[in-house]
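K.L.:
Right, I'll just put the structure down here and ask away after.
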Amino acid sequence: MGTIEFIISKYNYWIYVLLMMIGFYAMIAKRNLVKKIVGMNIFQTAIILFFVSTGSKKGASIPIIQNGHGDVVSHAVNAAQYVNPLPHVLMLTAIVVMVSTFGVALALIIMIYRKYGTLEEDEIFEMSEILRLRK
Amino acid sequence: MRFFALIVVLITGTLLLYATVDMPDWGDPYSPANTHVSPRYIEKTIEETATPNIVTSVLADYRGYDTLGETTVIFTAGVVCILLLRRFK
Amino acid sequence: MTIEFKDVIIQTICRLLTPPIQLYALYVIAHGHYSPGGGFQGGCILGASFILMVIAYDIGEVKRRMAEKMNTIFCSLGVIIYSGIGAICLILGANYLDYGILHKILPVNPVRARALGTLGIEIGVGIAVMAVMISIFLNIASGGEHEGALE
């Protein structure tokens with residue numbers, strides 16, 4: 001296998017790993033909580049893209065049976081003709097869970113902002129120390 | 001701190017990039033993910049569920065429990081948003 | 001600081017555009033068996049039509065059309081429809097969520113009954129997703145106050 005074929009057959013995984021690294025760095029290095037949440041979303045997007053790309057088949061069509069309006073299909077269904085539907089299903093649920101996670105995280109962030117008046121991590125630590133000592 | 005985070009991210013990324021060498025090629029019809037469970041769904045969806053859209057039939061019929069739990073998850077998310085934020089006067 | 005925002009062109013266009021969007025969402029839900037679509041996607045489009053109304057008008061306008069109590073009821077109604085169809089299958093003597101047994105109460109053969117059961121739970125999922133989208137957006141956009149235009 002030549003170098004060009006190797007790159008062509010694997011470069012999609014490299015793109016997803018790079019995307020995941022961006023999200024992971026934002027999750028652990030950024031101080032702002034909203035930036036952390038956006039990093040988590042980028043991370044999840046990379047994983048969703050990875051799963052969907054595992055289901056692709058070269059020369060295949062979308063996973064809807066052609067001329068299938070009825071109880072019996074008139075022609076034999078060849079599995080190599082349609083892309084793998086299983087990653088699509090799993091990622092459809094994962095996308096909706098991602099949206100729910102994002103909503104709940106934003107609600108929690110609003111609550112944190114109401115209590116501490118800031119979203120920077122170190123300032124929240126200082127504020128919580130002050131609030132603890134004041135008690 | 002930033003430097004440490006960058007080191008962690010680079011180590012993780014390098015390990016994952018090293019692992020992609022063993023992954024199946026992009027669009028390979030004979031990869032393990034494409035040959036084990038999904039051909040059964042593709043070939044039987046019409047005669048078992050009369051639904052041409054395989055994604056719908058797998059989502060709602062073959063794997064209905066999954067979607068039930070997932071609907072419960074988004075319901076819980078909506079309820080949590082109301083409980084956390086809603087302020088009645 | 002809330003800015004009163006009123007623009008006749010934007011409000012009229014959004015008011016005219018909302019019914020086709022909702023009709024398309026119902027089409028996406030009902031035609032999910034034969035084309036790309038389904039409960040999640042259609043529910044998201046339905047929720048987006050209400051969010052468009054919030055952006056063009058204010059929150060009070062949407063709350064007049066879809067009251068908060070109604071919205072919360074819809075949240076749980078979707079899950080109840082889903083698990084209720086599963087429980088009907090259980091009562092009729094099959095496994096939970098095994099829609100083939102629904103041919104005893106529907107005038108179709110078992111294979112068609114599976115498709116109809118799938119349609120039923122897609123409708124439930126669509127209702128739940130729509131209500132949850134509206135609830136999350138209204139609560140986060142207004143900080144829980146549920147009044148006035150967006151800031």
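The values are calculated or read from the model by the stated rules, or taken from the named source; none is laboratory data. The model shown is predicted, which means the values in this text are computed figures rather than measured ones. Cβ: placed from backbone, ideal geometry, glycine included. Neighbour counts: every protein chain shown. Protein only, heavy atoms only, side chains kept; ligands, DNA and RNA dropped before computing areas. Shrake-Rupley method; radii C 1.70, N 1.55, O 1.52, S 1.80 Å.
K.L.:
Please average, across the residues of C:62-69, the number of beta carbons from any other chain that are within 10 Å of each residue's own beta carbon, and give a whole number.
P.N.:
Mean partner shielding for this stretch: 0.
K.L.:
Out of the chymotrypsin sites (Phe, Trp or Tyr not before Pro) in chain B, which ones are loop residues according to DSSP with at most 12 other C-beta atoms within 10 Å?
P.N.:
Sparse-neighbourhood loop chymotrypsin sites (Phe, Trp or Tyr not before Pro): B:Y30, B:F88.
K.L.:
GNM, chain B, Cα, under 10 Å: largest mean-square fluctuation among B:A50, B:A60, B:A77?
P.N.:
Most flexible of the set in this elastic network: B:A77.
K.L.:
Can you tell me the orientation of helix C:39-56 relative to chain C, as the angle in degrees between its alpha-carbon axis and the longest Cα principal axis, to the nearest 10?
P.N.:
Relative to chain C, helix C:39-56 is tipped by roughly 20 degrees.
K.L.:
Give the aspartates and glutamates whose C-alpha is closer than 13 Å to that of A:K10, dropping any in the same chain fewer than 8 places away, or say none.
P.N.:
Those aspartates and glutamates meeting the cut-off are B:D22, B:D25, B:D28.
K.L.:
Hey, if we sort A:R31, C:R65 by accessible area with the 1.4 Å probe, largest down, what's the order?
P.N.:
My answer, sorted largest first, is C:R65, A:R31.
K.L.:
How do C:I101, C:I73, C:I9 rank by accessible surface area computed with a 1.4 Å probe, from largest to smallest?
P.N.:
C:I9, C:I73, C:I101
K.L.:
On alpha-carbon atoms, Rg over Rh for the stretch C:8-142 using Kirkwood Rh?
P.N.:
When Rh is taken as the Kirkwood radius, the ratio is 1.08.
K.L.:
With a Förster radius of 51 Å, plug the Cβ-Cβ distance of C:I21 and A:N78 into 1/(1 + (r/R0)^6) and report the FRET value to the nearest 0.05.
P.N.:
0.85
K.L.:
Angle between the Cα long axis of helix A:85-116 and the longest principal axis of chain A, 0 to 90 degrees, nearest 10?
P.N.:
Approximately 10 degrees, to the nearest ten.
K.L.:
Quick one: angle between helix A:3-29 and the longest Cα principal axis of chain A, in degrees between 0 and 90, rounded to 10, please.
P.N.:
For A:3-29 against chain A, the angle is about 20 degrees.
K.L.:
Using a Gaussian network for chain B with springs between C-alpha atoms less than 10 Å apart, which of these wobbles most: B:G27, B:G13, B:G64?
P.N.:
Greatest mean-square fluctuation among the candidates belongs to B:G13.
K.L.:
Right, another one. Work out the mean other chain Cβ neighbour count within 10 Å for the residues of A:100-113 and drop it here as an integer.
P.N.:
Partner Cβ neighbours, averaged per residue: 5.
K.L.:
Go ahead and set up a Gaussian network model of chain C, Cα springs under 10 Å, then flag whichever of C:S83, C:S35, C:S135 fluctuates most.
P.N.:
In the Gaussian network model the winner is C:S35.
K.L.:
Also, quick follow-up: Please list C:R15, A:R134 in order of solvent-accessible area, largest first, computed with a 1.4 Å probe with all protein chains present.
P.N.:
My answer, sorted largest first, is A:R134, C:R15.
K.L.:
What's the average, rounded to a whole number, of partner chain beta-carbon atoms within 10 Å of each residue's beta-carbon in C:72-85?
P.N.:
3
K.L.:
Determine the alpha carbon to alpha carbon distance for each of B:K44/C:K104; C:K69/C:K104; A:K35/A:K57 and list only those over 26 Å.
P.N.:
As for pairs spanning more than 26 Å Cα to Cα, those are C:K69/C:K104; A:K35/A:K57.
K.L.:
Distance check, please: which entries in A:K36/A:K115; A:K30/A:K115; A:K36/C:K6; A:K36/A:K58 exceed 25 angstrom between their Cα atoms?
P.N.:
A:K36/C:K6; A:K36/A:K58
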